[in-house]
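Just below is one structure, and these are the notes that go with it.
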Ligand SMILES: [Mn+2]
């Protein structure tokens, strides 16, 4: 039987032969799983969102809280503390003034008197995970976790994250997934269709919480997988895994509605401590660089990420913050400050330079809604992956995941929501994907055509065709 090291050598030989000498990243067709999606939806319908309507004045593109525009670090931190303190005292007031009329109050777990800490070993995690798949229902349905269970799971996950570096090194094969955003039924669908850990390895690119209404179920189930199979599930941090963001976009409110005070505050704070320990970037087989947002002007080498020591509390500037917030932009060549109020936007030339400097062949990132679930940029050197189909029930976008096999051959899987012409739209775009462009101008046109947006600030590639850099 081959030893681990000889297998490693063999892998490296394959790596050298198939990857380094030829084109390393081969992007195959987009395989559509809409049929399976439809048949699955008989048992698990995509999440129906009955909740908050987005205000027209609040576009999907989130901005950082006002304190991030302050130049003084101490001041920023103290105003963040104030924000959190105000949030907690406001919630406490609401509780004591008997605001039972608030949405979701019927779900409050009232067993606080028996709320004592439990050990993670007392939870049968495989059985606990199975429960998530046992009674799938359309729409928002709660798993009714006990507060003590949540604390034990978050604590255990925090320890696993803390044992990982800020930059992960992941071996293929792996499936790379983008934003989940609390769309629990869609997450279940994806795991059922692509395989569950440990038989399938996953790398998630962050943004598990906020927006959708089942953030808690999404992050708890993924944390359970992480605890059980730390080398089969990798969870990168997204910009929503930051206190200043998830206090405003749904996660804090969800926890607050599900647990009585003071358990809800403790749980929310514990989540923030776990998020601060999450890794921020990953390299798959030294060739695919992955992060939530994008690149940073101060990223010179991968050691710049490696040497950032966790916990990373409230990152607001520098390489970590930039990687959580940045976006590619086909209208510029280099850098510009981001309209999100945090991080930068970067152009095609930046992607080319970074790939060359770091010896990377593909950058995968999430963070932006794509109509097809994915969007390619900079002559296929950068790919956006978005895994929340029918985002917030406001869009008819597909979700996607990128399957990377052991030889770094990549295949996109798109989860297509039902609706007229959606399948045909994906087929048409797929044809562009299948004919590799040779001319850089054609490459721009093909790349851009994947991401014609529907008007949201967070839709990738909605801008006109770029000028060649
Ligand atoms: Mn994001």
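The values are calculated or read from the model by the stated rules, or taken from the named source; none is laboratory data. None of the values given here were measured: they were computed from a predicted structure. Here the Cβ is made from the backbone with ideal geometry for all residues, glycine too, and neighbour counts use every protein chain on show.
Residue by residue through region 375-394, note down the ones that are within 15 Å of the ligand (Cβ to nearest atom) and touching a strand residue (DSSP E or B) at 6+ places or on another chain (Cβ under 8 Å).
Within region 375-394, 375, 384, 385, 386, 387, 388, 391 meet the criteria.
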Within region 296-310, is there a residue that is within 26 Å of residue 247 (Cβ to Cβ), within 16 Å of the ligand (Cβ to nearest atom), modelled with pLDDT of 95 or more and touching a helix residue (DSSP H, G or I) at 6+ places or on another chain (Cβ under 8 Å)?
-> yes
Restricting the first residue to region 231-250 and requiring it to be in contact (Cβ under 8 Å) with a residue 40 or more places away in the chain, which pairs with a second residue that is near the ligand (Cβ under 10 Å from one of its atoms) and not in a loop (DSSP other than H, G, I, E, B) meet a Cβ separation below 8 Å and a spacing of at least six or different chains?
-> 237/324; 238/179; 238/324; 239/245; 239/324; 239/325; 242/324
Scanning region 340-369 residue by residue, those within 14 Å of the ligand (Cβ to nearest atom), in a loop (DSSP other than H, G, I, E, B) and over 22 Å from residue 408 (Cβ atoms) turn out to be 340, 341, 342, 343, 367, 368
Restricted to region 273-295 and to residues being away from the ligand (no atom under 16 Å from the Cβ) and in a helix (DSSP H, G or I), the residue farthest from residue 408 (Cα to Cα) is 273
Could you run through region 205-226 and say how many residues are part of a loop (DSSP other than H, G, I, E, B) and more than 16 Å from the ligand (Cβ to nearest atom)?
-> 2
Name every residue in region 227-249 that is away from the ligand (no atom under 13 Å from the Cβ) and assigned to a loop (DSSP other than H, G, I, E, B), in order of residue number.
-> 229, 230, 231, 232, 247, 248
Test for residue 270: is it within 16 Å of the ligand (Cβ to nearest atom), touching a residue at least 12 places away in the same chain (Cβ under 8 Å) and under 30 Å from residue 147 (Cα atoms) | no
Residue 141 is checked against (1) away from the ligand (no atom under 16 Å from the Cβ); (2) modelled with pLDDT of 95 or more and fails just one. What number does that condition carry?
-> (2)
Name the one entry in 258, 236 that is buried (at least 22 other Cβ atoms within 10 Å of the Cβ) and out of contact with any helix residue (DSSP H, G or I) (no Cβ under 6 Å at 6 or more places or on another chain).
-> 236
Can you tell me which residue in region 313-326 is nearest to the ligand (Cβ to nearest atom), limited to those that are modelled with pLDDT under 95 and in a loop (DSSP other than H, G, I, E, B)?
-> 315
Does at least one position in region 400-415 carry a residue that is touching a helix residue (DSSP H, G or I) at 6+ places or on another chain (Cβ under 8 Å) and within 16 Å of the ligand (Cβ to nearest atom)?
-> no
